[in-house]
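K.L.:
Below are the structure tokens for one structure; questions will follow.
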Amino acid sequence: MHDLPERDPQAANEPAPSPVARDVLGASPRGIWSDVPDALWNDWRWQQRNRLRTVADVERVVRLTAGEREAIAGTAGAFRMALTPYYASLIDPDDPDCPVRMQAIPRAEELQRHPADLDDPLGEERFMPVAGITHRYPDRVLFYVTHNCPVYCRHCTRKRKVSDPHSAAAHDQIALGLDYIARRPEVRDVLVSGGDPMTLSDERLDQLLGALRRIPHVEVIRLCTRNPVTLPQRFGDETIAMLARHHPVYVHTHFNHPRECTPEAARTLRALADRGLNCANQMVLLKGVNDDAETVRRTNVWLLRQRCRPYYLFQADLAAGISHFRVPVETGLSIMRALRGPVSGMAVPTYVIDAPGGGGKIPLVPDYVESHDDDAVVFTNWQGERYTYPAR
Ligand code: SF4
């Protein structure tokens, strides 16, 4: 587990500020960018233009290990590195195991291929009737609209195509995807994903969401974006208003650690919620980042305060080069057991494993049933106390 920066005393489990102070969220320290004017720092295009992409860029912020240098060079052709200045400013420069650093800067282990690794761990290509559409479940599809992200997460499940210009979703491909959805009346829910769809311009997003909204049977649009974590500046008032024009739109995001729980992220989540863009968090269980109950708890109670519901806790999948992030399923189950009871059920996500090869999501639940016969079911509660309920 890692200490928090000073920027969010509540997430650090320190005394809560007064209600007034809670609304004056402040800003994160900017490290080497402290001289950058607010107008630039808060401009998402400036953040995109000034991303760290090379060893020399990153070494302005952290002292790289030999393994990290080797891994940056070794992964550049397959899954490149990029960090927004904002996300890089969250890194503890003196901690080689900083959870933000681990998620954003390649490590030597990423170059190793584990025997269980799969190129397409969720079998998405197998369920792809047309390029860019994954149709695995009856009533919903995943719509791949871009290969770009502001930060390339080292644990990405889709690293086989994300960041690769050859996997760009061209206009024709997006048109084919829209056509597929329009011809399938059973599709009532579309997950707009990538890559990160918020890397598209507002104009393109507006066109895309508008085209989906014009399909009568599309009831729900879900926008899958890590921008609230890696580039919260992306959500200006006009952008949020544009998204809200296409309601019902849900936002699925991906906070993994309290270091990511900043005033900037809080403001973005609250602004989205204010416009009815309900946010849900999809955390990935990562060794050395959040593989303990207290880190998950602190992140989740912070998310709830920003009106973002902890939705899933994902067992890391079998994507190539991420075996160093995977933890035993037993660790995830023990985290779930530790969460249930001490915190509200609102802060307890569903722990799932996305079955390798495309079997879909399978919930993993700690076993609270001690025995079950014709007369009674015997349970243990979160405190280990035993209770009996009639079997029928
Ligand atoms: S934001 Fe999502 S799609 Fe992009 S690199 Fe991270 S996990 Fe992968």
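The values are calculated or read from the model by the stated rules, or taken from the named source; none is laboratory data. As the structure is a prediction and not an experimental result, all values here were calculated from the model. Counting neighbours? That spans all protein chains shown, and the Cβs are built from the backbone with ideal geometry, glycine included. Note: accessible area is taken over every heavy atom of the protein model, side chains too, but ligands, DNA and RNA are not part of it. Shrake-Rupley method; radii C 1.70, N 1.55, O 1.52, S 1.80 Å.
K.L.:
At 0.36 nm per residue, and after removing the present C-alpha to C-alpha distance, how many nm does the segment from residue 49 to residue 350 gain when stretched out fully?
P.N.:
Stretched fully, the residue 49-residue 350 segment lengthens by 104.7 nm.
K.L.:
Please tell me the relative contact order of region 19-111 in percent, rounded to the nearest whole number, where contacts are Cα pairs under 8 Å and at least six residues apart.
P.N.:
So the answer I get is 31 percent.
K.L.:
Another question about this same structure. Counting only protein heavy atoms and using a 1.4 Å probe, what share of the accessible area of region 125-367 belongs to carbon plus sulfur, as a whole percent?
P.N.:
On region 125-367, the fraction of accessible area on carbon and sulfur atoms equals 55 percent.
K.L.:
If you don't mind, another one. Measuring with a 1.4 Å probe in the full set of protein chains, what accessible area per residue, in whole Å², belongs to region 19-111?
P.N.:
Per residue, region 19-111 has 48 Å² of solvent-accessible surface.
K.L.:
For the chain, calculate the relative contact order in percent as a whole number, restricting contacts to Cα pairs under 8 Å that are 6 or more residues apart.
P.N.:
16 percent
K.L.:
For the chain, what does the helix formula give at 222 nm: sum of -39500 (n - 2.57) over DSSP H segments with n ≥ 4, over the residue count, nearest 500 deg cm²/dmol?
P.N.:
-7500 deg cm²/dmol
K.L.:
A further question follows. So which trypsin sites (Lys or Arg not before Pro) in region 151-187 pass both tests, a DSSP loop state and at most 12 other Cβ atoms within 10 Å of the Cβ?
P.N.:
183
K.L.:
Here's another thing I want to ask about it. At 0.36 nm per residue, minus the direct Cα-Cα distance, what do residue 108 and residue 60 gain on full extension? Give it in nm, one decimal, please.
P.N.:
The residue 108-residue 60 span can extend by a further 15.3 nm.
K.L.:
Cα-based Rg of region 173-255 per 2.2 N^0.38 Å, rounded to two decimals?
P.N.:
Ratio of Rg to 2.2 N^0.38 Å for region 173-255: 1.06.
K.L.:
Counting other Cβ atoms within 10 Å, which trypsin sites (Lys or Arg not before Pro) in region 239-306 have at most 14 and lie in a DSSP loop?
P.N.:
Here the trypsin sites (Lys or Arg not before Pro) that fit, given the DSSP loop and packing criteria, are 245.
K.L.:
Can you tally the net charge around residue 83? Count Lys and Arg as +1, Asp and Glu as -1, for every other residue whose Cβ sits under 9 Å from the Cβ of residue 83.
P.N.:
Net local charge, residue 83 excluded: +1.
K.L.:
Still on this structure, I have one more. Enter the accessible area per residue of region 125-367 (Å², integer; probe 1.4 Å; all protein chains in place).
P.N.:
36 Å²
K.L.:
Sticking with this one: The chain: Rg/Rh from Cα coordinates, Kirkwood Rh?
P.N.:
That ratio is 0.97, to two decimals.
K.L.:
Can you check what the net charge comes to around residue 202, using other residues whose Cβ is under 12 Å from the Cβ of residue 202 (Lys, Arg +1; Asp, Glu -1)?
P.N.:
Local net charge: 0.
K.L.:
Residue separation times 0.36 nm, minus the C-alpha to C-alpha distance between residue 35 and residue 385: what's the value?
P.N.:
120.3 nm
K.L.:
Amide H neighbours of residue 321 under 5 Å, counting only residues 5+ apart in sequence or on other chains, H built in-plane at 1.01 Å?
P.N.:
Hits under the 5 Å cutoff: 114.
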